[in-house]
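**Student:** Before I ask anything, let me first share the structure, which is written out below as structure tokens.
The values are calculated or read from the model by the stated rules, or taken from the named source; none is laboratory data. Please read these numbers as outputs of a predicted model, since none were measured by experiment. With ideal geometry, Cβ positions are generated from the backbone for all residues, glycine too; neighbour counts draw on all protein chains shown.
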Ligand SMILES: Nc1ncnc2c1ncn2[C@@H]1O[C@H](COP(=O)(O)OP(=O)(O)OP(=O)(O)O)[C@@H](O)[C@H]1O
Ligand SMILES: [Mg+2]
């Protein structure tokens, strides 16, 4: 029977206090992100210096505490009460929307806008004290005790979880007429002190934070945004010891890169680029990534993602077929082809790519520089703020690893050889938005996939430039090699002369045989080097072996020189000479084997080419 008086009314949400802890856990992925979020707030507050201190960890009887202190603008009592204590405030978001406030006083683009970064404090510990002061207002001290809100791990204990409502818990604050903590020269700033910590920290783990701070803001790239000074410094402390800064920086490393490609893709997909190889003049140009005749050379339309996003395959009747003119003047009709379905939807982007060639002997990198290059790949910055986790090792966001595995590895860069910085803006790329989890971008109307496809295409163009230059380098190497083989020959002549003088017939005979064999091998190898193009087409295996041979011959020259010197100084003992010849025999054996693999006459090269290319 129908109720004659159905109830009705209106009601607001009234969350239980544990909503705070649930949000804190969900929004801030881990303890590292927690610290980084708090440091981002310091950046937004225009701080120059931040110090992040881990105190009393691992010291028995002491209370582990994390302190994050900055000399930024600080907060007034009103900000504490009406912004800090009111999560999800659209405070920064609204500032950003009104264009003149998109930037901080120092001209920084604000990193925050969600109004939830503050929950990072919960991720780090239960007991939180905030001291904050602006230049013109007194220090405010606020205390939060999250133990009142929920249990640390709600399932791990049999104790009842407090069932209080959020608005039933109050948090104490007071003003300190004379500041207790914010006593720096600037007379402003914020100190967040967190104890009753929720994680264990070990001093080695600070490395990860150090690296994250380094990557937070992009490098100063010459020719681009030169004004962008380093006015933000984060110091890390483990007790009273400062954790050392990284040994190298992006700025130093990109200076070492032999191949550089920078460009701007406009919103229609037209790329303006500058390419520079360290030995050559800069090349500049423009390529419309959607003009098939222009990009055919780079086979960009052959990219799976590019096709999927932008193209469609059409088959027409013979009447609809298009007439294609060949280079010899003849024509043919084509009635199946790829056609542009649409232009991209991701907005413009600027990029700076730096590539290294690990096989290049002239690339003199220190071990820690190599490690640095391997550990960094392609970073994305929106309004000069890093979008996490792009650029981290193992994040295949440009599908390069996937393409290398599924297609031909040689067609794509490996993240190991590549460093990159890509710049987008909130204003011009509104479709590339942050995921709420703060990890990566969400795709709105396929904009993210468009963006990746455009970057892949740009990288492919760069790769072609780089490959051509590497081949040129190979040819240069050939010249060096010729002079190397001459040195080899000369040093053996000297050796021979000395042996003749010494009248040691047995050694002389051996040495002669050795020189002849070696010369023969050297000549053979010279032929192989002259077919550089073929070698380059063979990919990794062969490149490695030609590199090995090159190294081996160098070593043989060095050894020979050494023996000659010793011989001249009368310091050559019979066992050393015996060892030398034994080594040479081994080396020659190795060279012989390697040359067999490379030999175009053996027929194996031809077979390999078919399989690989
Ligand atoms: N170190 C600080 N110095 C000055 N003000 C701060 C500081 N930390 C936080 N605030 C203030 O508290 C607010 C809350 O910070 P919170 O990180 O939660 O949000 P947000 O930075 O606005 O956005 P997001 O969630 O994207 O980080 C900030 O908008 C800022 O006004
Ligand atoms: Mg924030």
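**Student:** Step by step: first the residues of region 47-59, then only those that are surrounded by 14 or more Cβ atoms within 10 Å (Cβ to Cβ), assigned to a loop (DSSP other than H, G, I, E, B) and more than 9 Å from ligand 1 (Cβ to nearest atom), then the one that is farthest from the chain's Cα centre (by Cα). Which residue is that?
**Tutor:** The first filter runs over region 47-59 and keeps only residues surrounded by 14 or more Cβ atoms within 10 Å (Cβ to Cβ), leaving 47-57.
Filter once more, so that each one left must be assigned to a loop (DSSP other than H, G, I, E, B): 47-48, 56-57.
With more than 9 Å from ligand 1 (Cβ to nearest atom) added as a condition, the list becomes 48, 56-57.
On the way: 48: 25, 56: 34, 57: 31 Å.
Top of the filtered list is 56.
**Student:** Something else now. Answer yes if at least one residue in region 6-21 is within 16 Å of ligand 2 (Cβ to nearest atom) and either under 17 Å from residue 87 (Cα atoms) or surrounded by 14 or more Cβ atoms within 10 Å (Cβ to Cβ) (or both), and no otherwise. Full working, then the answer.
**Tutor:** Here is the first cut: in region 6-21, the ones within 16 Å of ligand 2 (Cβ to nearest atom) are none.
Within region 6-21, not a single residue is within 16 Å of ligand 2 (Cβ to nearest atom) and either under 17 Å from residue 87 (Cα atoms) or surrounded by 14 or more Cβ atoms within 10 Å (Cβ to Cβ) (or both).
**Student:** Just one of 67, 62 is in a strand (DSSP E or B), more than 11 Å from ligand 2 (Cβ to nearest atom) and in the same structural domain as residue 135 (by TED's automatic domain parsing); which is it? Before you say what the answer is, go through the steps one by one.
**Tutor:** Details: 62 fails: in a strand (DSSP E or B).
Step by step, each of 67, 62 is checked, and only 67 is in a strand (DSSP E or B), more than 11 Å from ligand 2 (Cβ to nearest atom) and in the same structural domain as residue 135 (by TED's automatic domain parsing).
**Student:** Every residue in region 364-386 that is modelled with pLDDT of 90 or more and farther than 21 Å from residue 416 by Cβ, please.
**Tutor:** 381
**Student:** Okay, moving on. Could you give me the residue pairs with C-beta distances under 8 Å whose first residue belongs to region 88-108 and is in the same structural domain as residue 231 (by TED's automatic domain parsing) and closer than 27 Å to residue 20 by Cβ, whose second residue is surrounded by fewer than 14 Cβ atoms within 10 Å (Cβ to Cβ) and modelled with pLDDT of 75 or more wherever it lies, and which are 6+ apart or on separate chains?
**Tutor:** Sorted first by the residue in region 88-108, then by its partner, the pairs are 89/82.
**Student:** A follow-up question, please. Taking region 29-46 as the region of interest, how many residues are part of a loop (DSSP other than H, G, I, E, B) and more than 13 Å from ligand 1 (Cβ to nearest atom)?
**Tutor:** 2
**Student:** While we're on this one: Restricting to strands (runs of 3 or more DSSP E) lying wholly in region 380-466: which have 1 or more residues that are surrounded by fewer than 21 Cβ atoms within 10 Å (Cβ to Cβ) and in the same structural domain as residue 265 (by TED's automatic domain parsing)? Talk me through it step by step, then tell me what you get.
**Tutor:** Working: elements: 418-424, 432-434, 441-443.
Here the list reads 432-434, 441-443.
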